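Here is the structure we will look at, set down as structure tokens.
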Amino acid sequence: MTYSYTKKTQSTGFTIALSAEYENIAAVCQEVEKCLNDHQLQDILFSVILCVREALVNAIKHGCMADSAKQVIFHLNLQETQLIIKVGDEGPGFDWSCLKNKKDPTTCCGRGIRIMKQYFDTVIFNEQGNEVELRKKIPNIAGY
Amino acid sequence: MSEVSREGEKAIVKPDQNIVVPLAKDFKGELKELLHDGITHLIINMEDVNMIDSEGLSVLIAAQNSLQKLGTSLELFNVSENIRKLLQNMRLDKRFIIQDS
């Protein structure tokens, strides 16, 4: 395995730079799980891990075309009343303004962003479409 | 890899890990092989599955679409509360037969 992974811890969260390989997703999820457990946020563990997975898969698969030479940046910031997650990639981005609100449950694809919108209060893409920001309001975070 | 119990055209499949990228692709291959092999009644034991992502959901939907052509439906059992809610949120809970554990 040649995949790379670098974590930098900040006072309210951490940033991980990873090569665009699926093998890195589990390691990022472990870091997120540890952080949420440390702040007694087990109630949202499933939904946050699920959305982290979706955002990372999108960045690796669609943003970087699973090119291990490219990098994905994951950022988690746990503020007093909200959780903010950002996932950016080195890809060209996509035209998020054309996102269709697919609701047909029989289709086999296009469900990742819908999942993120289901579990987070806000899902915003940057202008270029190569970074997504997820925000979730969380009352009573332990440690604040 | 999944544990597979077969009885005629019926198969019970028990994945031993979460159905997520990149593992979901292998699981898809396993189900596809069973369907090509004449299985018309497919049941998935979700006991060891704590997480399923959009790719994993796509695998279940693809299997259901194939079974629907044969006049049957995919059955799931031992589904965790979190995954049950996810299926509801994605309006997929009516697409499959979800047995009470």
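Scanning for something surrounded by fewer than 18 Cβ atoms within 10 Å (Cβ to Cβ), modelled with pLDDT of 95 or more and more than 14 Å from chain A (Cβ to nearest Cβ), does region B:59-69 turn up at least one residue?
no
Can you find even one residue in region B:50-72 that is touching a strand residue (DSSP E or B) at 6+ places or on another chain (Cβ under 7 Å), in a loop (DSSP other than H, G, I, E, B) and within 23 Å of A:Asp43 (Cα to Cα)?
Within region B:50-72, the first condition is being touching a strand residue (DSSP E or B) at 6+ places or on another chain (Cβ under 7 Å), and the residues that meet it are B:52, B:56, B:59, B:63, B:67, B:72.
Then drop every residue that is not in a loop (DSSP other than H, G, I, E, B), which leaves B:72.
Next, from what is left, pick out any that are within 23 Å of A:Asp43 (Cα to Cα): none.
No: zero hits.
From (1) within 13 Å of the chain's Cα centre (by Cα); (2) more than 14 Å from chain A (Cβ to nearest Cβ); (3) surrounded by fewer than 17 Cβ atoms within 10 Å (Cβ to Cβ), pick out the condition that doesn't hold for B:Gly8.
(1)
Identify the single condition in (1) surrounded by 22 or more Cβ atoms within 10 Å (Cβ to Cβ); (2) more than 15 Å from B:Leu76 (Cα to Cα); (3) more than 14 Å from chain A (Cβ to nearest Cβ) that B:Ile44 does not satisfy, given that it satisfies every other one.
(2)
Which residue is nearest to the other protein chains (Cβ to nearest Cβ), if the candidates are limited to region A:114-128 and must be within 12 Å of A:Val87 (Cβ to Cβ) and not aromatic (Phe, Trp, Tyr)?
The qualifying residue nearest to the other protein chains (Cβ to nearest Cβ) is A:Met116.
The values are calculated or read from the model by the stated rules, or taken from the named source; none is laboratory data. On a predicted model such as this, the values are computed, not experimentally measured, just so you know. Methodologically, a virtual Cβ is constructed for each residue, glycine included, from the backbone with ideal geometry; neighbour enumeration extends over all protein chains shown.
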